[in-house]
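The values are calculated or read from the model by the stated rules, or taken from the named source; none is laboratory data. Here the structure is a predicted model, which is why all the values come from computation and not from measurement. In this analysis, Cβ positions are derived from the backbone assuming ideal geometry, glycine residues included, and neighbour counts consider all displayed protein chains. When the accessible area is computed, the model is the full protein with side chains, heavy atoms only, and any ligands, DNA or RNA have been set aside. Shrake-Rupley method; radii C 1.70, N 1.55, O 1.52, S 1.80 Å.
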Amino acid sequence: MTRYMEEKKTTVTKQETIAALKKPGELYVVMSGATKMPFVWCDEDTFDDEVLLYYQLKDARAKAKELLEQKYLTAVAKVEEKDLLKFYTSLYTMGVNCLSVNSGTDIQTSLQLEELVVRKKPEQLPQGQKIVENPALHLTALYFMQEMRRQAGQQPSEQLKEMQEELIAHYQKSTLLVAVEEDGKIPLLKQKDGTIYQPVYTDPSEVQKFIKGKKMKVAAIPALKIPGMLAQEAKGVVINPYGVNVQLQVARPKKNPAPVA
């Protein structure tokens with residue numbers, strides 16, 4: 001527990017929360033076993049898209065256990081101090097807008113992400129520079145995979161079907177990143193069942209998980225143009241294979257294909 005939290009057991013101001021999150025001493029995040037990413041939660045009152053952060057390991061584990069009882073596969077990870085800024089910034093690409101701190105304890109509070117970390121707006125970037133990110137797609141994919149794993153072995157609920165429709169809608173409007181080898185070939189990934197998918201990525205941090213120092217180019221491709229460059233052996237695309245890992249079947253019709261999750 002940080003010095004700020006020790007001094008006040010019940011009421012925590014926004015300023016104290018900001019100071020504590022910048023130098024927490026120890027900070028833990030509840031992770032999703034379905035996505036290998038921070039677990040995301042939609043607040044029923046504010047509709048904020050949150051991640052769950054804790055200063056004490058025991059509190060984080062208690063929350064993970066509570067979610068497990070609701071059939072959400074979760075775990076706890078420690079955020080190292082040297083990785084704090086990288087972690088907070090990555091939440092923007094996930095579509096997260098709120099930090100839920102110490103939820104379920106007597107010092108619980110919440111903070112808007114932009115109150116802690118401010119990013120440059122598109123109009124503030126140097127001329128000609130553009131960042132490819134798809135936070136709405138990424139966030140929907142996170143919710144979809146969490147819920148799909150939760151309902152594994154059951155008949156898909158109407159809620160899950162609605163998430164699937166929303167996921168596909170966001171995908172079709174997206175511009176995604178594709179890694180290309182030096183010889184111009186696009187890498188393919190074989191799944192455990194033998195099916196082959198072509199990887200695509202929502203943002204630079206996700207594509208870097210695949211490249212890892214390899215000499216590869218990265219191309220930004222509108223989703224509706226991907227079928228035209230899809231390998232014949234590929235059944236479809238897999239979004240962020242080292243993260244949310246959503247597989248979409250993509251047909252090759254002559255006009256606007258509709259992927260199916």
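A few comments on the model shown:
- For the chain, a Gaussian network of Cα nodes joined below 10 Å ranks ALA19, ALA64, ALA75 by mean-square fluctuation, and the top entry is ALA19.
- Once the Cα-Cα distance is subtracted from the 0.36 nm per residue extended length, the ALA136 to GLN154 segment shows a gain of 3.8 nm.
- Additional length obtainable on full extension of the chain from GLN108 to GLN15, 0.36 nm per residue less Cα span: 32.1 nm
- Values of log10 I(q)/I(0), in the order q = 0.09, 0.12, 0.16 Å⁻¹, for the chain under a Debye, Cα-only, solvent-free model: -0.45, -0.78, -1.26
- Between the amide H of VAL76 and those of MET31, distances stay under 5 Å, these residues lying 5 or more places away or on another chain, with hydrogens modeled in the peptide plane.
- A Gaussian network model of the chain, with springs between Cα atoms under 10 Å, assigns the largest mean-square fluctuation among ILE131, ILE221, ILE107 to ILE131.
- Of the GluC sites (Glu not before Pro) in region 53-125, those whose Cβ has at most 13 other Cβ within 10 Å and which sit in DSSP loop: GLU80
- Residues VAL218, VAL250, ordered by accessible area of protein heavy atoms at a 1.4 angstrom probe radius and largest first, appear as VAL218, VAL250.
- Across the chain, the relative contact order, built from alpha-carbon pairs under 8 Å that are at least six residues apart, equals 16 percent.
- In the elastic network of the chain, a GNM with C-alpha springs shorter than 10 Å, the most mobile of ARG150, ARG119, ARG61 is ARG119.
- Amide H contacts of LEU27 (H built 1.01 Å from N, in plane; Pro and chain starts excluded): VAL79 sit under 5 Å, all sequence-distant by 5 or more or on other chains.
- Karplus-derived 3J(HN,Hα) values for region 99-108, using 6.51 cos²θ - 1.76 cosθ + 1.60 with θ = phi - 60°, are 10, 9, 9, 6, 4, x, 10, 7, 10, 5 Hz; glycine and proline are entered as x.
- In nm, spacing of pseudo-spin labels at LYS173 and THR46 (7 Å Cα→C-beta vector): 2.4 nm
- Summarising the amide proton neighbourhood of LEU176: residues at separation of 5 or more, or on other chains, whose placed amide H is nearer than 5 Å comprise ILE221, ALA223.
- Sequentially through region 232-246, phi angles give Karplus couplings (6.51, -1.76, 1.60; θ = phi - 60°) of 4, 7, 7, 7, x, 10, 10, 8, 6, x, 9, x, 5, 6, 8 Hz, Gly and Pro residues having no value and appearing as x.
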